[in-house]
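Comments concern the structure below.
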Amino acid sequence: MAALTPNISKVPELNRRILITLVMLAIFRIGVFIPTPGIDSEALAGFFKSASGTLLDFATMFTGGALERFSVFALGIMPYKLQKEGESGRKTITQYTRYSTIVLSLVQGFMIAVGLESMRGPAGEPIVLSPGWDFRILTMITLTSGTAFLMWLGEQITERGVGNGISLIIFVGIVANMPSAMYNTVLLVRAGEMSIFVIFFLLVLMVAVVAFIVFMEMGQRKIPIQYPKRVVGRKVMGGGTQHLPLKVNTSGVIPPIFASSIIVFPATVANFIDVPYMKWISNSLMPDGLLYNLLYVVLIVFFTFFYTAIQFNPKDVAENLKKYGGFVPGIRPGANTADYLDTVLTRLTVWGAAYLAAVCVLPSFLVAEFNAPFYFGGTALLIVVGVGMDTAQQIESHMLARSYEGLLKKGKIKGRGLS
């Protein structure tokens, strides 16, 4: 990637894709500062300041500060996955995903609107200027429209830009909070609430965790695949040994995103509703609580196995190998190969799930033990590192494709002419 970076400007299509991506992400950041009508912004800011260090900080991190400002993008974007079942199947699943996202956004928008009507700022002033059904309906429409627009932005980035648009939007939202986190850390050091040795330890830990994530994301098990030689006319074609790479973390960052979405959003809604049992739910699901972390780990493990099963089908791979004459040495083609691949993938997924769970519970440890003013690690760090690596690979793929095109254009293969 480093060798190809100076040549990015020489590829017009890649420049266009990068420009489209930056423009779409800039639109997202502008939308974060567009407020929802009917909200007293000063009272809302005071409420979030008084609720600092709670679940709301964790929730607003994934919206890039949109929830704290209660902007049109306050609900953020629901991560979703398109299963490759052919063009018609892909379109059907995409439509179902969009519809379910809109319905979920309407429900969340209504619940948050009702919760805001009962909330007060630090001085007792109401956050909602004109409570009632007009405000509720307007809030539902505004927040749902914002989420639908974010879905469209993500799809445009995926199709016309570089990388996965949904992941890049979440990535930018997380990175946007980093300067304020660094500033808060400096304030704590100046106030004497955090020593310089703790900061040094955290910096070393950050580097080690990032290196560990990169190592695990690049880790893979190479399954040897043997192809027999074939005689075509007078020539011997094919043959040799290739490798089928199975990643340790096949599911990527999807399991932590799904797990955190399932926990954070209901808990956030519960925080807005002034009902005793809803407050108990909100307090029980604090990021540094035992119940939250146990539920978080269970959901991460579940979605890791679930998403890996969707991404990689051992039976299809075994059938394709058998179709083209490939086989794993010592394993019979067909069902035995499928069972072998499934066993290897299951063992790798166990380690992948353990790795994801360990990194995701790291913020709770840092906040509890060192009073860190930010959530380092967890879903946020996985997204930042994972999306960064994926985007770099996307750019590298475009560069390599461009290089091959150049070779094909330069190489003029001439047949023997007839005299």
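For the range 378-404, a tally of residues being at pLDDT 70 or above and either outside any helix (DSSP H, G or I) or under 18 Å from residue 289 (Cβ atoms) (or both) returns 1. Residue 69 satisfies every condition listed in (1) out of contact with any strand residue (DSSP E or B) (no Cβ under 9 Å at 6 or more places or on another chain); (2) under 25 Å from residue 112 (Cβ atoms); (3) at pLDDT 70 or above except (1). Among the residues examined, residue 139 qualifies as touching a residue at least 40 places away in the same chain (Cβ under 8 Å) and touching a strand residue (DSSP E or B) at 6+ places or on another chain (Cβ under 9 Å). Of all residues in the range 17-28, those satisfying the criterion of being farther than 13 Å from residue 395 by Cβ and touching a residue at least 12 places away in the same chain (Cβ under 8 Å) are 20, 24, 25, 27, 28. Looking across the range 26-56, the residues that are at pLDDT 75 or above and surrounded by fewer than 19 Cβ atoms within 10 Å (Cβ to Cβ) come down to 26, 27, 29, 30, 31, 33, 34, 35, 37. Of the listed requirements (1) farther than 24 Å from residue 147 by Cβ; (2) surrounded by 14 or more Cβ atoms within 10 Å (Cβ to Cβ); (3) at pLDDT below 90, residue 266 misses just one: (1). Restricting attention to the range 151-207, the residues that are within 20 Å of residue 19 (Cβ to Cβ), polar (S, T, N, Q) and part of a helix (DSSP H, G or I) total 3. Residue count for the range 149-199, restricted to those that are surrounded by fewer than 16 Cβ atoms within 10 Å (Cβ to Cβ) and either touching a Cys at 6+ places or on another chain (Cβ under 9 Å) or among the aromatic types (Phe, Trp, Tyr) (or both): 3. Is there a residue in the range 303-319 that is of a type outside the set (D, E, K, R), touching a strand residue (DSSP E or B) at 6+ places or on another chain (Cβ under 6 Å) and at negative phi? The answer is no, given that none of the residues of the range 303-319 is of a type outside the set (D, E, K, R), touching a strand residue (DSSP E or B) at 6+ places or on another chain (Cβ under 6 Å) and at negative phi.
Could you tell me whether residue 131 is of a type outside the set (D, E, K, R), surrounded by fewer than 17 Cβ atoms within 10 Å (Cβ to Cβ) and at pLDDT 80 or above? When the stated conditions are applied, residue 131 passes them.
Looking at the range 360-377, which of the residues that are buried (at least 17 other Cβ atoms within 10 Å of the Cβ) and in a loop (DSSP other than H, G, I, E, B) is modelled with the highest pLDDT? Ranking the qualifying residues of the range 360-377, first place goes to 361. Counting the residues of the range 224-246 that are at pLDDT 85 or above, more than 30 Å from residue 381 (Cβ to Cβ) and either of a type in the set (A, V, I, L, M, F, W, C) or exposed (fewer than 10 other Cβ atoms within 10 Å of the Cβ) (or both) gives 1. Within the range 325-359, being at pLDDT below 90, under 27 Å from residue 214 (Cα atoms) and β-branched (Val, Ile, Thr) holds for one residue alone: 359.
Name the residues in the range 94-125 that are more than 28 Å from the chain's Cα centre (by Cα) and hydroxyl-bearing (Ser, Thr, Tyr), would you? Scanning the range 94-125 gives a single hit, 118. A search for C-beta distances below 9 Å between a residue of the range 323-346 that is free of Cβ contacts under 8 Å to residues at least 40 places away in the same chain and surrounded by 15 or more Cβ atoms within 10 Å (Cβ to Cβ) and any residue that is aromatic (Phe, Trp, Tyr) and assigned to a helix (DSSP H, G or I), counting only pairs 6+ apart in sequence or on different chains, returns 331/340.
The values are calculated or read from the model by the stated rules, or taken from the named source; none is laboratory data. Just so we're clear, the structure is a prediction, and the values are computed from it rather than from any experiment. No Cβ is skipped: glycine too gets one built from the backbone with ideal geometry, and neighbour counts run over all protein chains shown.
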